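The values are calculated or read from the model by the stated rules, or taken from the named source; none is laboratory data. Values in this document were obtained by computation on a predicted structure and should not be read as measured data. For neighbour counting, all protein chains shown are included, and Cβ atoms are generated from backbone atoms with ideal geometry for every residue, glycine included.
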Amino acid sequence: MPEPPRVSQISPTDAAWLAGIIDGEGCFTIIRRATGVIGISLQISNTCEIMLHKVQRLLGGHITNIPQQPRETRSAWQWRISAKKDLRRICLTILPYLVSKRPQAIVALTFCDTIGQPGVATSKENRRTREKLATLLKQMHRDSAIAAPEWCRPMSQSYNTDATQCRCDDS
């Protein structure tokens, strides 16, 4: 497969399309490894494999087939990416277009800021921050009205931080 374009080279149209797909079908997920390391990934699950291949062409990442459950009639696939540099670039690129997943993207960016260099031990403070972020992300999955708190601001603030809360109701 050809190398995906650099995320910074994605057109505004594609960035807006990706944000819509992520708002509707995406999920920022905390990964707890057997070693005790906590990581983060972005995944999109869908029955439309063609759509996921477009995401992969734009962003890289991997697509896997999800085993069918007994009552399901259609196959499903999952696209996933978890490399810090890729996740950070994706979030910064789509953040202006995100609506419902915007607070989760801010948490993901903040989480990326706690990830150091490979082979360098993670500080206790960063481990505590990751645990707080993991708990916050889990709460956001249950309640989409939760905003990214003021302390949860990525070091790279090259985006508008005023729109960190999304209320998807008519009030």
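Here are a few things to note about the model shown:
- In region 148-171, the qualifying residues are those that are over 13 Å from A108 (Cα atoms), within 17 Å of the chain's Cα centre (by Cα) and not polar (S, T, N, Q), and the one that is modelled with the lowest pLDDT is C166.
- K138 crowded, with 22+ Cβ neighbours inside 10 Å and not aliphatic (A, V, I, L, M): no
- Taking the numbered list (1) more than 22 Å from T13 (Cβ to Cβ); (2) touching a residue at least 60 places away in the same chain (Cβ under 8 Å); (3) not basic (K, R) in turn, G116 passes all entries but (2).
- In the set (1) surrounded by 19 or more Cβ atoms within 10 Å (Cβ to Cβ); (2) at pLDDT below 85; (3) of a type in the set (A, V, I, L, M, F, W, C); (4) closer than 30 Å to E125 by Cα, the condition left unmet by V7 is number (4).
- All of (1) surrounded by fewer than 17 Cβ atoms within 10 Å (Cβ to Cβ); (2) modelled with pLDDT of 95 or more; (3) touching a Phe, Trp or Tyr at 6+ places or on another chain (Cβ under 7 Å) hold for E49 with one exception: (2).
- Residues in region 52-82 that are surrounded by fewer than 13 Cβ atoms within 10 Å (Cβ to Cβ) and of a type in the set (G, A, S): S75 only.
- Region 30-46, residues that are buried (at least 18 other Cβ atoms within 10 Å of the Cβ) and within 21 Å of A16 (Cα to Cα): L42, Q43, I44, N46
- Residue count for region 90-133 satisfying the condition of being surrounded by 14 or more Cβ atoms within 10 Å (Cβ to Cβ), of a type in the set (S, T, N, Q) and more than 13 Å from the chain's Cα centre (by Cα): 4.
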